[in-house]
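Single-structure report; data block below.
None of the figures in this text is laboratory data; all of them are computed from the coordinates on show. Note that the structure is a prediction, hence the values are computed from the model and not measured. All Cβ positions, even for glycine, are placed from backbone atoms using ideal geometry, and neighbour counts span all protein chains on display.
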Amino acid sequence: MKVERFHVGPRLSEMAIHHGTVYLAGQVAEDTSQDMAGQTQQVLASIDRLLAEAGTDKTRILMAQVIISDMRHFGELNRVWESWVTAGHTPPRATIEAKLATPKHLVEIIVTAAQK
């Protein structure tokens, strides 16, 4: 089966589609001057854009992996997340604390979704 890659760079592709499954690279905020809520909103907007490009949306997310730099931000992250997800379509999710690639990034989200 064919693997389609999108926004291919020297290090990674932002998205790959294989056999009706959409795999997103970890999405991080572009504006790292924002707090956790602002960065999370940016990340979720990126996820929305990529899923739309793949012909799907957040109601088709199969799994989300959330990495945050400090669990003290967990509540703030959840407030933004809960206002973004669609009731009845909340995906399985794991949240872990870890150092991210740059200290200014507070959150990174990895998503796998089904195409429509």
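Local charge sum around residue 48 (other residues, Cβ-Cβ under 15 Å, Lys/Arg +1, Asp/Glu -1)? Summing Lys and Arg as +1 and Asp and Glu as -1 gives 0. For the stretch 65-116, the share of DSSP beta bridges that are antiparallel, to the nearest 5, is 50%.
Which value in nm describes the separation of the simple spin-label points at residue 33 and residue 6, placed 7 Å from the Cα toward the beta carbon? Label at residue 33, label at residue 6, 3.0 nm between them.
In the chain, the longest principal axis of the Cα atoms and the axis of helix 74-84 are about 40 degrees apart. For the pair residue 63 and residue 41, label points projected 7 Å from Cα toward Cβ lie 3.1 nm apart.
Summing Lys and Arg as +1 and Asp and Glu as -1 over all other residues whose Cβ lies under 10 Å from the Cβ of residue 64 gives a net charge of +2.
Ignoring aspartates and glutamates fewer than eight residues from residue 58 along the same chain, the ones with Cα atoms less than 14 angstrom from its Cα are 48, 82. The trypsin sites (Lys or Arg not before Pro) of the stretch 1-67 that meet both conditions, a loop assignment by DSSP and at most 14 other Cβ atoms within 10 Å of the site Cβ, are 2, 11. The C-alpha atoms of the chain define a longest principal axis, and helix 36-53 lies at about 10 degrees to it. For residue 104, go through the aspartates and glutamates and keep the ones whose alpha-carbon is under 20 Å away, minus same-chain ones fewer than eight residues off. Here the aspartates and glutamates satisfying the reach criterion relative to residue 104 are 30, 31, 35, 70, 76.
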